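Since the structure comes first, as C-alpha cells, the remarks are kept for the end.
Derivation of every value follows stated rules applied to the coordinates shown; laboratory data play no part. Because the structure is predicted, anything quoted here is derived from the model rather than measured. Quick reminder, even Gly has a Cβ in these numbers, built from the backbone with ideal geometry, and neighbours come from all protein chains shown.
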Amino acid sequence: MKSNWILILLGGMLLAMIADTIGTRQELLFVPVKHDAADCWTGAGANQIPVDEKGALIRYGRNLIENTAYYLGPNGNVKHISNGMNCQNCHLEAGTKPWGNNFGAVAANHPKFGERSGTIISIEKRVNDCFERSLNGLALDSNSKEMRAIVSYVKWLGSDIPKGTKPKGSGIMQLRYMNRAADPVKGKTVYTTTCERCHGKNGQGQMSPINITYTYPPLWGEHSYNNGAGLYRLSRFAGYVKNNMPNPQNYHTPQLTDEEAWDVAAFVNTQPRPAFDVSKDWPNTKKKPFDHPFGPYGDELSAVQHKYGPWR
Ligand code: HEC
Ligand code: HEC
C-alpha cells in the first residue's frame, strides 16, 4: 500500500517535470526564427510579444525604441535625457530590419569585451553608449524600469540566436572600400539631390507638428548625434545609408551606389555637430577602427586619411 503511494508520488513528479520542460520549450519557441528570401535574419514583430507580465515589460521596451523622444526626449513624459531622436531612427523597424542596424546579434554577443571602452560591456552599457553618443544625452540608471524594458526587448528579439554567433543581415553592412578618399564635395551633390528634401537644407530635419519627435530626424547641428557616435565613422554611416536611405529603402533594391554612400557620409560628417570626449576611447590603438577620425593611431597615416580614406 505504502509503496503504491510512493509510485503515485514519483509519477506525479515526473509528469510535472515533463510539463515543465514542454512549458519552457514553448516559451523558447514563442519567438519564431524568421529569415527573408536571401536568408537574412528578421526580428519578430510586436504582435508576437507574449501577453503576460514579462511581455508587458518587453512591449514597453519596444515602445521606448520606437518612441524614445515621447518618453525621454526634451519634452518627454518620463525624463528629459536625450536629444529628441528615437532609437528607431537608426535601428529601423524597432531593430528588426535586415541590414537596418538591427539588434539580431546583441543578446548572443553580450556581455563582451568592448574595444572602444577597453572594458567588458553589458547590454545596459551598450544601450547607454547610444544614449550618451547617438542621442547626445545622459545614461539611464541600470535598474530603472526603462532600462530593464529595453534590455528585455533586445534579449527577447535575439533569444533564438546561438551564443557568440551573428545572424546574416544583422547590424550594418560593411561596404567595399573605394580606392580613393571619400569626397565631401561630391557628397554635397548627393545630399542636395537625394536627402535634402527630407533632412533639410541645414541637415536640421523636421519636427512633427506636435513638437515631441521628428518626422525627419536631423543629420547634423546641435540636435544630432555627437562626434563620439557610431554614425560619425564613415563606414557605419555609408553602410547604413546605402541599404536604407532615401527612406524607406532596403538592401534588395538600394538606390545609392557604394560611392555615393561613401561620399555623402563624408559630406554629412564634415558638418558641425555636438562634441563628445573621445580621449579615452579605443585605449588599445591597434584595435582602433580604420575610420576612427581621432588619434593617436598605431600607424603613420594622418587623421584626415583615417577619416576619409583611402583605406586598404
Ligand atoms: C544616430 C543613430 C543611432 C541612434 C539614434 C541610436 N543608435 Fe544604437 N547604434 C548606432 C550605431 C551606428 C551602432 C553601431 C553599429 C555597428 O558598429 O555596426 C549602434 C549600436 C547599438 C547597439 C549594439 C549593436 C550590436 O550589434 O552590438 C545597441 C544595443 C544599440 N545601439 C542600442 C540603441 C538604443 C537602445 C538606442 C536608443 C536609446 C540607440 N541605440 C540609438 C546608431 C544609433
Ligand atoms: C523621404 C524622406 C527621406 C529622404 C529623402 C532621406 N531620408 Fe534619411 N531618414 C528619413 C527618416 C523618416 C528617417 C528615420 C527613419 C525611422 O525612424 O524609421 C531617416 C533616418 C536617417 C538617418 C539616421 C538618423 C539620423 O538622423 O541620423 C540617416 C543617417 C539618414 N537618414 C541619412 C540620409 C541620407 C544620407 C539621405 C540621402 C541619401 C537620406 N537620409 C534621405 C527620411 C528620409
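Within the stretch 184-308, the ratio Rg/Rh, alpha carbon atoms throughout and Rh by Kirkwood, equals 1.00. Partner aspartates and glutamates whose Cα lies under 19 Å from the Cα of Lys307, excluding those fewer than 8 positions away in the same chain, are identified as Glu115, Asp183, Asp258, Glu259, Glu260, Asp263, Asp277, Asp281, Asp291, Asp299. The alpha-carbon atoms of the stretch 45-88, seen along their principal axes, cover 31, 18, 10 angstrom, with the largest extent given first. Modelled spin labels at Ala303 and Phe113, positioned 7 Å past Cα toward Cβ, are 2.8 nm from each other. Per-peptide packing, taken as the mean over residues of other Cβ atoms within 10 Å, places 79-90, 229-240 in the sequence 229-240, 79-90 from highest down. Near the amide H of Tyr216, within less than 5 Å, lie the amide hydrogens of Gln206, all on another chain or at least 5 residues away, with H placed in the peptide plane.
Rg and Dmax of the stretch 87-186, based on Cα coordinates, read 15.2, 48 Å.
Once the Cα-Cα distance is subtracted from the 0.36 nm per residue extended length, the Glu53 to Asn202 segment shows a gain of 49.2 nm.
What order do you get for 184-194, 43-53 when each peptide is scored by the mean count of other beta carbon atoms within 10 Å, highest first? Don't skip to the end; give the middle numbers.
Working: 184-194: 16.7, 43-53: 14.0.
My ranking of the peptides, most packed first, is 184-194, 43-53.
Please work out the Cα convex hull volume for the chain and give it in Å³ per residue. Enclosed volume per residue, from the Cα hull, is 165 Å³. Once the Cβ-Cβ distance of Ser122 and Ile210 is raised to the sixth power relative to R0 = 41 Å, the FRET efficiency obtained is 0.75.
Modelled spin-label separation between Lys286 and Gln271, with each label point placed 7 Å from Cα along the Cα-to-Cβ direction: 3.9 nm.
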